[in-house]
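Worksheet: one structure, shown below.
Values quoted throughout were computed directly from the atomic coordinates according to the rules given, and no laboratory measurement underlies them. Here the structure is a predicted model, which is why all the values come from computation and not from measurement. FYI the Cβ positions are ideal-geometry reconstructions off the backbone, even for glycines, and counts take in every protein chain you see.
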Amino acid sequence: MWYYFVGDLGIRNWGGTVKFPTVKTAFIFLLLCGCSHEPLRDGSAEQRLGGDAHRTSHRAAEAEAFNMDLLSQINRYRASYGLKALSFDKKLAAIAKGHCSDMKGCRVLSHDKFQQRFERSRHTSCVENVASGYRSPKELFEAWRKSNGHDRNMLSRDIQIAGISMAGSYVTFFACDARIRAASDGERVIYEAHSKS
């Protein structure tokens, strides 16, 4: 396949050489090539995957923004009731991410294997809200606020740290107290599910 740039920049065919009248023109040509938004036509597999990586990182950034916005709304809500803000916890976020991925893979909203997530957390008290189909953190937060069980979980006095994750349209809010459970401690489990109709 042949591509030509004709004019003051000179002529180039991708199979041959480039002849530029000046160094300034060569610089402009390279600058324009670097800014091209055209899809790669004859690029290597690595170049094509670079675009996929960019889209993946963009989606990850959007999901992260969604998660942090949702946590901020939950924390403002808690503050309005005189409760302490929840701290973001990477370990709980990883647990929530695993559950979101499972729900997305099965295309089912559920609390399946909650006991395993609770045990992995090693905390003495945890709550979990799950959802699917909400376009914005505000829309999801409002739905949880209007649901007695979800509302109770967000306003639990027992929880102090939280992880939130999103996979596709599935969201998991997994929050726990700050106490680490000893092997012989009793277990406390609270959770609610909510899916947009």
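Spin-label pair Lys138-His58: with each label point 7 Å from Cα along the Cα-Cβ axis, the two points sit 2.4 nm from one another. The simple spin-label model puts a point 7 Å past each Cα toward its Cβ; for Ala85 and Arg122 those points are separated by 2.6 nm. The gain in end-to-end length when the Ala65 to Arg152 segment is fully stretched comes to 28.9 nm, 0.36 nm per residue minus the alpha carbon separation.
Within segment 78-121, the ratio Rg/Rh, alpha carbon atoms throughout and Rh by Kirkwood, equals 1.11.
If the chain linking Asp102 and Gln115 were pulled fully straight, counting 0.36 nm for each residue of separation and taking away their Cα-Cα distance, it would gain 3.2 nm.
Residue ranges 97-109, 127-139 sort as 127-139, 97-109 when ordered by packing (mean number of other C-beta atoms within 10 Å per residue, highest first). Seen from every direction in turn and averaged, the convex hull around the alpha carbons of segment 55-98 projects onto 3.3 nm². With an a/c value of 1.5 or above and a/b not larger than b/c for the gyration tensor axes a ≥ b ≥ c computed over the alpha-carbon atoms, segment 66-147 is described as oblate.
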